[in-house]
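Asks: Got a structure for you, questions after.
The values are calculated or read from the model by the stated rules, or taken from the named source; none is laboratory data. Worth saying up front: this structure is predicted, and the values here are computed from it rather than measured. When we count neighbours, we look across all protein chains shown, and the Cβ atoms used for this are built from the backbone with ideal geometry, even at glycine. The accessibility values were calculated without ligands, DNA or RNA, using every heavy atom of the protein model including side chains. Shrake-Rupley method; radii C 1.70, N 1.55, O 1.52, S 1.80 Å.
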Amino acid sequence: MSSTIKPVFGLIDANNFYASCEQVFKPSLKNKPVIVLSSNDGCVISRSNEAKALGIQMGEPIFKIQNMIKAHNVQYLSANFSLYNDMSRRIMQVIAGLVPSIEVYSIDEAFVDFTGIPFKNLSALAHRIVKTLYQYTGIPTTLGISSTKTLAKLAARIAKKNVSFQNVFCLTKDVRNHWLKQTSVEAVWGIGKRWSKKLNNLNIMDAYQLSLKDPDDIKTLSNKVLASTVLELQGTPVFEIEQEIASKKQIIVSKTFGKEVMALSELKEAVSTHICLALEKLRRQDSVSNSFSVFIQTDRFKTGFDNYHRQQSVELELPSQNTQKFLKLAMSILNNLYTEGLNYKKAGVMLTDISAKGSRQYDLFVEDNEKEDSLMCVLDKINTKLGKGKIRFAVEGYKKAWEAKSNYRSPLYTTSWDDLLIVKN
């Protein structure tokens with residue numbers, strides 16, 4: 001970055017993202033208390049503003065709030081991650097067309113670079129971005145602006161909590177200390193509960209007190225990352241916009257079953273489904289994996305039964321992204337792990353030793369069939385075009401009675417031809 005031009009960062013945050021996605025396609029839910037439930041319809045993972053106003057907490061088990069749901073007619077839906085991921089993709093595409101550069105930070109957040117844009121123009125541009133995002137996607141967003149990414153994250157939080165700012169807030173130097181004093185250290189980006197407790201023990205209770213510390217002293221007491229956070233709170237940028245999305249070094253796919261599973265055939269269906277999803281993710285980032293693990297377990301919360309948890313890992317002869325190879329090895333592993341007569345509640349797979357496909361080394365004594373890799377690419381293209389799971393491996397099964405409960409899931413409006421909205425005259 002140029003030393004003569006002061007950097008300016010923005011953080012765009014989609015408000016109540018999962019709940020907002022549901023409201024886009026179901027206008028009847030707007031201005032109503034809405035909650036989205038986790039896997040197996042167990043806990044609250046997203047809340048509309050109206051649901052928050054009722055006191056419903058994140059992570060709240062649904063069985064504990066049944067009386068509140070009935071009393072206030074709270075609308076509840078199962079999580080629909082295919083829809084949310086697609087809506088996130090659309091949001092990021094719109095943002096990319098409005099700003100010089102973007103870093104996709106999470107499914108509902110993006111850092112943007114406003115460096116070089118005159119300050120007098122920033123407010124108008126920020127409001128235009130928020131308005132355009134709502135116009136193009138129907139998702140309400142908040143935009144925080146400041147001189148560092150940490151302060152921009154804080155600015156977005158302030159904008160979200162203060163309706164008078166109309167979803168946009170610029171945290172400038174002249175008001176910075178005021179807002180830092182209003183912010184607990186736990187609420188500072190990257191600190192969390194564990195470090196906030198340690199800082200509280202040092203009599204550092206809010207972000208302002210932390211910003212007064214010498215970064216070198218903090219580095220000695222804790223680590224380099226927290227020292228960088230102190231610098232950022234002071235207005236000195238340390239973290240830059242990362243336009244390149246780093247490839248995952250580990251991919252885990254696991255799910256709690258909707259019902260207890262006893263049959264080996266059902267376990268094979270579940271593990272095969274997880275393998276296929278994991279390998280799709282691996283190919284999407286153009287990587288290969290050289291080893292993976294399979295695990296199965298019984299219900300660890302069930303009293304009166306010994307918890308059974310078994311895991312086994314295997315290393316491939318050559319790094320691969322070919323689903324067929326992983327499926328064959330996974331079925332062999334599962335035969336070793338399975339114990340008859342137990343009620344299994346969860347299964348999962350983990351890909352490790354991941355590297356870029358172009359960097360894999362070949363072995364003179366092991367045949368690598370590139371035609372099989374091409375077949376996987378064709379399979380991915382067909383499923384992308386026609387819908388997820390249109391072509392699948394037979395071992396994945398079809399009915400999948402073991403799948404997690406999603407009794408209240410909305411249609412896949414944007415990712416399935418069968419679920420497209422029908423407009424009637």
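Asks: Pop a pseudo-label 7 angstrom from the Cα along the beta-carbon direction at both HIS127 and ARG194 and give the gap in nm to one decimal.
Replies: It works out to 4.3 nm between the two label points.
Asks: Run lengths n ≥ 4 of DSSP H only: what is the helix-derived mean residue ellipticity at 222 nm for the chain, with -39500 (n - 2.57) per run over all residues, to the nearest 500?
Replies: Counting only the DSSP helices, I get -12000 deg cm²/dmol.
Asks: Please list 3J(HN,Hα) in residue order for the range 322-328, calculated via the Karplus relation 6.51 cos²θ - 1.76 cosθ + 1.60 where θ = phi - 60°; whole Hz, with x for glycine and proline.
Replies: 8, 4, 4, 5, 5, 4, 4
Asks: With label points built 7 Å along Cα→Cβ from the Cα atoms of ARG284 and PHE81, find their separation and express it in nm.
Replies: Here the answer is 0.9 nm between the modelled labels.
Asks: If I fit a long axis through the Cα atoms of helix 192-201 and take the longest principal axis of the Cα atoms of the chain, what angle between them do I get, 0 to 90°, rounded to 10?
Replies: Helix 192-201 and the main axis of the chain meet at about 50 degrees.
Asks: Now, a different point. Between LEU202 and ALA53, what is the spin-label point distance in nm, taking each point 7 Å from the Cα along the Cα→C-beta axis?
Replies: That separation, rounded to one decimal, is 4.1 nm.
Asks: Roll a 1.4 Å probe over the protein heavy atoms and report the accessible area of TYR76 in Å², nearest 10.
Replies: 80 Å²
Asks: Let me ask something additional. If you project the alpha carbons of the range 247-290 onto the principal axes, what extent comes out on each, in Å, largest first?
Replies: 36, 16, 15 Å, listed from the longest principal axis down.
Asks: With a 1.4 Å probe and every protein chain left in place, work out the accessible area per residue of the chain in Å², rounded to a whole number. Walk me through the intermediate numbers first.
Replies: Working: 23440 Å² over 425 residues.
Result: 55 Å² per residue.
Asks: State, as an integer percentage, the relative contact order of the chain based on alpha-carbon contacts under 8 Å between residues 6 or more apart. Don't skip to the end; give the middle numbers.
Replies: Working: 706 pairs, mean separation 69.7, N = 425.
This gives 16 percent for the chain.
Asks: Follow-up. Restricting to lysines 8 or more places apart or on different chains, can you count the pairs in the range 193-307 with Cα atoms under 28 Å from each other?
Replies: Counting lysine pairs in the range 193-307 gives 29.
Asks: A further question follows. Taking 8 Å as the Cα distance limit and 6 or more residues as the minimum spacing, I'd like the relative contact order of the range 187-294 as a percentage. Each step should come with its number before you reach the end.
Replies: Working: 44 pairs, mean separation 17.7, N = 108.
Across the range 187-294, relative contact order equals 16 percent.
Asks: Determine the gain in length on full extension of the stretch LYS120-SER247; use 0.36 nm per residue of separation and subtract their C-alpha separation, reporting nm with one decimal.
Replies: On the way: separation 127, 0.36 × 127 = 45.72 nm, distance 3.78 nm.
Roughly 41.9 nm would be gained on extension.
Asks: Let me ask another. How big is D for the range 134-191, in µm² s⁻¹ as a whole number, if Stokes-Einstein is applied with the Kirkwood radius of its Cα pairs at 37 °C and 0.692 mPa s?
Replies: For these conditions, the coefficient is 276 µm²/s.
Asks: Roughly speaking, to the nearest percent, how much of the range 113-176's 1.4 Å accessible area is carbon and sulfur?
Replies: Details: 1640 of 3100 Å².
Of the solvent-accessible surface of the range 113-176, carbon and sulfur hold 53 percent.
Asks: Evaluated at 25 °C with a viscosity of 0.890 mPa s, what Stokes-Einstein diffusion coefficient in µm²/s does the range 69-149 have when Rh comes from the Kirkwood expression over alpha-carbon pairs? Present the calculation step by step, with values, prior to reporting the outcome.
Replies: Working: Rh = 14.5 Å.
D, rounded to a whole number, is 170 µm²/s.
Asks: To the nearest Å, what is the center-to-center distance of the range 385-404 and the range 10-28, using C-alpha atoms only?
Replies: 29 Å
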